[in-house]
Amino acid sequence: YWPAAAIVLGGFWLWSAATWTEPSLPDGWNGVDLELGQRLGRDGSLQYHRGLIATVHARAAEGSRFIVLPESALGFWTPTVARLWQEDLRGSDITVVAGAAVIDAAGYDNVIVVISADVARIIYRERLPVPVSMWQPWRAWTGQGGGARAHLLANPVVELAGTTIAPLICYEQLILWPALQSMLHAPDMI
């Protein structure tokens, strides 16, 4: 059975690769691939954030109003980071949707934040971090802190400017149920 299964899966892969098309974004939306690899989210310096803000303004100058940055692009989400971004977006109609991490003594959350001149808030908390390496629920049971929190049944969709979005972070893109949970709410985009 294994050779037949391998041939079938290989055929599906070839078909997918041969017919793949670039995903289309809604008008006014632009996703940014920062190509930072392992460095993504590890630099919280003012210089890093200023460079990221310049990238956002450059993409907005191309006609986009909503700029989407990758998971962990902002590093740690703090009130200082929020104010920095809001100040630099003041006077524009740009809205940034970006990944960040919120930490406290009990652990951390991978989050998606929305930032504009008027608002800077968390709109999504990751539902299913990677088990064992990130999500370690037994640490809480043993009185130890640390590890990512899982918000298993929370926030399957978010609303942004009249658009219903199904957010997925990292591992959530590789497993079925977070996407299915979000699809039950008929989102406009993923």
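The values are calculated or read from the model by the stated rules, or taken from the named source; none is laboratory data. All figures in this text were calculated on a predicted structure; none of them were measured in a lab. Note that each Cβ is placed from the backbone with ideal geometry, even for glycine, and that neighbours are counted across all protein chains shown.
Kindly list, by first and then second residue, each pair from a residue in the range 9-21 that is in contact (Cβ under 8 Å) with a residue 24 or more places away in the chain and in a helix (DSSP H, G or I) to a residue that is surrounded by 10 or more Cβ atoms within 10 Å (Cβ to Cβ) and not small (Gly, Ala, Ser), limited to pairs with Cβ atoms under 7 Å and residues at least 6 apart or on different chains. Pairs found: none. Could you tell me whether the range 44-58 includes any residue that is outside any helix (DSSP H, G or I) and either small (Gly, Ala, Ser) or farther than 18 Å from ALA117 by Cβ (or both)? Yes. Residues of the range 112-165 that are under 18 Å from GLY41 (Cα atoms) and among the aromatic types (Phe, Trp, Tyr): TYR124 alone.
Among the residues of the range 36-62, those identified as loosely packed, with under 10 Cβ neighbours inside 10 Å and under 28 Å from ALA161 (Cα atoms) are ALA61, GLU62. Can you confirm whether the range 131-152 contains a residue that is at pLDDT 90 or above and under 23 Å from MET189 (Cβ atoms)? No: zero hits.
Scanning the range 63-112 for residues that are among the polar types (S, T, N, Q) and surrounded by 14 or more Cβ atoms within 10 Å (Cβ to Cβ) gives SER64, SER72, THR78, GLN86, THR95, ASN110.
Being touching a residue at least 40 places away in the same chain (Cβ under 8 Å), farther than 21 Å from PRO23 by Cβ and β-branched (Val, Ile, Thr) is true for just one of ILE112, ILE122. Which residue is that? So that I can check it myself, show each step before the final result.
On the way: ILE112 fails: farther than 21 Å from PRO23 by Cβ.
On inspection, the qualifying residue turns out to be ILE122.
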